[in-house]
Amino acid sequence: MGFDFSLVIPRMGLFLDGALVTVETSAMALLFGSILGVVVGILRVVPLKPLQVLAACYIYVIRGTPALTQLFFIYFGLPSLGINLSGMASGVLGLSLNSAGYVGEIVRGGIEGVPAGQWEASRVLGLSYAKSMRFVILPQAVRSMLPAFGNEFVTLIKESSLLSTLAITELTMAGQQVRSVTYASFETFIVVGAIYLALTSITGFGLRFVEKKWNVV
Amino acid sequence: MCDAMESGSQGIISVRGLRKSFGRNEVLKGIDLDVSEGEVVSVIGPSGSGKSTLARCMCRLERVDCGSVSLCGLEVSSGRHRNGDIARLVGMIFQQFNLYPHLSVLQNITLSPVRTLGMSREEAEVLAYGLLAEVGMSDKASARPRQLSGGQQQRVAIARALAMHPRIMLFDEPTSALDPELVGEVLEVMARLAESGMTMVIITHEMTFARDVSDRVVFMDDGAIVEQGAPSVVFSNPQHARTRQFLQRLLVASGGGSVVRTGECVNGL
């Protein structure tokens, strides 16, 4: 049996539109997830027990439940509380909250990896806890966190395929649509997979570039 | 001179009944120590005697369990003061330097003056260049710590501490992590600082330096001050058996030329 890409190739525009949505949603989720994740990670190490526990619980729940369940909870569950979000809003919110749990752990690890002597030095030099964190600890922690951050971005690109279940026409959903018209399932998902691979490769490459640039001291 | 806060006739440093435990291990068992302005005090003693913990309590890196530490009449052990207030009174030099690896030498020095004293960046840089000149590191202002030798890093650390204009400088084994040939350059900077009238407390194993530079030597063992006095007295005529034992052990432990030097410490003065 032969494979026929001639049905799929003319619909490249659909794939690329989908890919664009994939990039947009995962980039937004990365942005919001990172901001929230840094907050969660800092709360995780701040010397105030209630905040530590709060952050730990958040990470525990996020990492212990499937991302798809979290998305369904936001999209289908929250309306019971009168919170109605569009598919797109639910998707980005869900991915962001999910990512924040993982980024929180990355940030915590990064902060705890900075030697105690750095805290001590900044402290005896008069910096408050917050200023030590901002000017001394976090800048060092970020460098060690970069590889894990990169993995998180790659994970987000792949997990954004879950948004297809919320009727968002990202890359996987675009594939579904092409497949339902052309019945060329094999060819369609070869193309979809190849585009994902390209996206994750570019991301990985870009991050290694940033890492290298940042590590030149 | 000390500020108006100064209380009574105590020294610039006044440690009273200081006790500190880590878990069940009591590291400081009631320390009383006064240091007067401009005095240079070396603290010697076997490892585990509590010397470092004493220094760390003085700059509030450790919370005290009992007793008090007052600097310039300010009871720093009360925990009521901000880090910035403490830093203006006391600077600390660590065995491992603890420079900020992500910042240049210049930025290492200017960070605290800019962020806690509210100094402008230009002002802080002028100050930093001046201090770098004093420690002989002017040409390394834009270098990163990892590009420097241990001795150079420690000299930068001293400049960094001085940028806060502290009244007191603490040194916690400042040369213990250095290769032997780099010890001299750091001790030289410290000796000049002592000459300039800085109040200094130096935790050290450098007996020759302790003898030559300090006004007073304090011998600690097992969490207590066993004996103290002028270096000539403590080194050449120690009153306590434990002090004699410690100095003897040093003598035996050090080989070759340094036996002669340490021998001078014990007998020569």
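Cα atoms only, the stretch A:53-137: Rg and Dmax in Å?
In order Rg, Dmax, the Cα atoms of the stretch A:53-137 give 18.1, 53 Å.
Taking amide H atoms as placed 1.01 Å from N in the peptide plane, list the residues 5 or more away in sequence, or in a different chain, whose amide H sits under 5 Å from that of B:Glu227.
B:Phe219
How about the stretch A:177-209: which chymotrypsin sites (Phe, Trp or Tyr not before Pro) there lie in a loop by DSSP and see at most 13 other Cβ atoms within 10 Å?
Within the stretch A:177-209, the qualifying chymotrypsin sites (Phe, Trp or Tyr not before Pro) (loop, at most 13 other Cβ atoms within 10 Å) are A:Tyr183.
Just check the protein assembly as shown against the gyration tensor rule for me: Cα atoms, a ≥ b ≥ c as the square roots of the eigenvalues, rounded for a/c under 1.5, and otherwise prolate or oblate depending on whether a/b exceeds b/c.
prolate
Using a Gaussian network model on chain B with a 10 Å cutoff between Cα atoms, which of B:Ser176, B:Ser142, B:Ser70 fluctuates the most?
Its mean-square fluctuation being the largest, the pick is B:Ser142.
Give me A:Leu156, B:Leu103, B:Leu33 sorted ascending by neighbouring Cβ count inside 10 Å, so fewest comes first.
The order, fewest Cβ neighbours first, is B:Leu103, B:Leu33, A:Leu156.
Using Cα springs under 10 Å in a Gaussian network model of chain B, which residue among B:Asp179, B:Asp215, B:Asp32 shows the largest mean-square fluctuation?
Answer for the Gaussian network model of chain B: B:Asp179.
Among B:Leu148, B:Leu170, B:Leu187, which comes first, second and so on when ranked by fewest other beta-carbon atoms within 10 Å?
Least to most surrounded, the residues fall as B:Leu148, B:Leu187, B:Leu170.
Among DSSP beta bridges whose residues both lie in the protein assembly as shown, state the antiparallel percentage, nearest 5.
Approximately 55 percent, going by the DSSP bridge assignments.
Read phi for every residue in the stretch B:88-101 and hand back ³J(HN,Hα) as whole Hz from Karplus 6.51 cos²θ - 1.76 cosθ + 1.60, θ = phi - 60°, with x for Gly and Pro.
6, 9, 9, x, 10, 10, 9, 4, 9, 6, 6, 5, 7, x
Need one word for chain B: rounded, prolate or oblate. Basis is the Cα gyration tensor (sqrt eigenvalues a ≥ b ≥ c); a/c below 1.5 gives rounded, then a/b vs b/c decides.
oblate
How many nm separate the modelled label positions at A:Asn84 and A:Ala194, each set 7 Å beyond the Cα in the direction of the Cβ?
4.3
Need the list of lysines near B:Lys29 for cross-linking: C-alpha distance under 18 angstrom, and skip anything on the same chain fewer than eight residues off.
Counting by Cα, and skipping residues close in sequence, B:Lys29 has these lysines nearby: B:Lys20, B:Lys51.
What residues of the stretch B:18-48 lie in the reach of a label at B:Asp222, counting those whose backbone N is under 19 Å from a point 7 Å from the Cα along Cα→Cβ?
B:18-22, B:24-32, B:44-48
Shape of the stretch A:11-213 from its Cα gyration tensor (a ≥ b ≥ c, root eigenvalues): rounded if a/c is under 1.5, otherwise prolate when a/b > b/c, or oblate?
Oblate, since a/c reaches 1.5 and b/c is not below a/b.
Give the aspartates and glutamates whose C-alpha is closer than 19 Å to that of A:Lys158, dropping any in the same chain fewer than 8 places away, or say none.
A:Asp17, A:Glu24, A:Glu170
Among A:Ala116, A:Leu14, A:Asn151, pick out the residue whose Cα is farthest towards the positive end of the charge dipole of the stretch A:11-213, where Lys and Arg carry +1 and Asp and Glu carry -1 on C-beta, about the Cα centre.
So the residue we want is A:Ala116.
Search the structure for amide H atoms under 5 Å from the amide H of B:Cys66, placed 1.01 Å from N in the peptide plane, and list their residues when 5 or more places away or on another chain.
B:Arg19
If amide hydrogens are placed 1.01 Å from N in the peptide plane, which non-local residues have theirs closer than 5 Å to the one on B:Gly11?
Amide H neighbours of B:Gly11: B:Val35.
Is any helix in chain A, taking whole DSSP H runs, at least 15 angstrom long along its axis by alpha carbon and on average at least 0.5 on the Kyte-Doolittle scale, and which ones?
Length and hydropathy pass: A:12-45, A:49-64, A:87-112, A:185-215.
Tell me which of B:Ala128, B:Asn83, A:Ile83 sits at the most positive position along the dipole axis of the protein assembly as shown, charges placed on C-beta atoms (Lys, Arg +1; Asp, Glu -1).
Positive-most Cα among the choices belongs to A:Ile83.
Each value in this text was obtained by applying a stated rule to the coordinates, not by laboratory testing. This one's a predicted model, so the numbers in the text were calculated from it and none came from an experiment. Reconstructed Cβ throughout: ideal geometry from the backbone, glycine too, with neighbour counts over all protein chains shown.
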